[in-house]
């Protein structure tokens with residue numbers, strides 16, 4: 001076979017190999033990344049910072065004994081948690097989720113003995129239960145057969161709240177949100 005024909009077959013073979021390889025790997029590279037999530041983000045704002053015009057999320061001086069959702073036995077946050085924001089999951093099988101926030105009035109530490117050091121901790125829970133009830137619409141989208149279904153939450157609305165001052169900042173859930181609801185203390 002002449003050199004020119006042999007070289008043409010080599011180039012054609014390499015091109016076919018590159019083309020088939022790129023098709024194979026492009027089919028394998030499925031994008032299953034979603035911008036949606038089901039975490040409703042609550043930011044706690046010190047009302048004194050509102051005068052400066054710059055909102056700053058602060059870990060509140062008030063401690064929560066526990067934070068739960070109605071119909072769920074999980075404790076999302078407890079008295080040991082100090083956080084600037086709480087990420088609370090919305091219920092995907094409902095269009096309303098109600099959160100219960102039990103606040104501590106005080107904590108008392110008593111030394112029972114010095115050798116060995118034994119401390120008794122007594123917590124006094126505020127009898128008034130704080131609640132936040134959030135309603136929302138859900139949208140489902142099939143990403144692909146391999147990736148499955150994406151659920152997005154939109155039109156967030158505070159139906160009931162026992163805190164004195166709140167504001168919805170973002171009415172849809174996204175991984176890029178800083179907060180959805182601000183609670184002013």
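Structure summary
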item: Counted residues, segment 33-70 - those being part of a loop (DSSP other than H, G, I, E, B) and at pLDDT 75 or above; result: 4
item: Strands (runs of 3 or more DSSP E) wholly inside segment 71-124 containing at least 3 residues that are free of Cβ contacts under 8 Å to residues at least 12 places away in the same chain; result: 96-114
item: In segment 138-169, the residues that are surrounded by 12 or more Cβ atoms within 10 Å (Cβ to Cβ), in contact (Cβ under 8 Å) with a residue 60 or more places away in the chain and not in a strand (DSSP E or B); result: 147, 165, 169
item: Residues of segment 125-137 satisfying the condition of being in contact (Cβ under 8 Å) with a residue 12 or more places away in the chain and not in a strand (DSSP E or B); result: 126, 128, 129
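The values are calculated or read from the model by the stated rules, or taken from the named source; none is laboratory data. Quick caveat: nothing in here was measured; it's all calculated off a predicted structure. Every residue, glycine among them, receives a Cβ derived from its backbone with ideal geometry; neighbour counts consider all protein chains shown.
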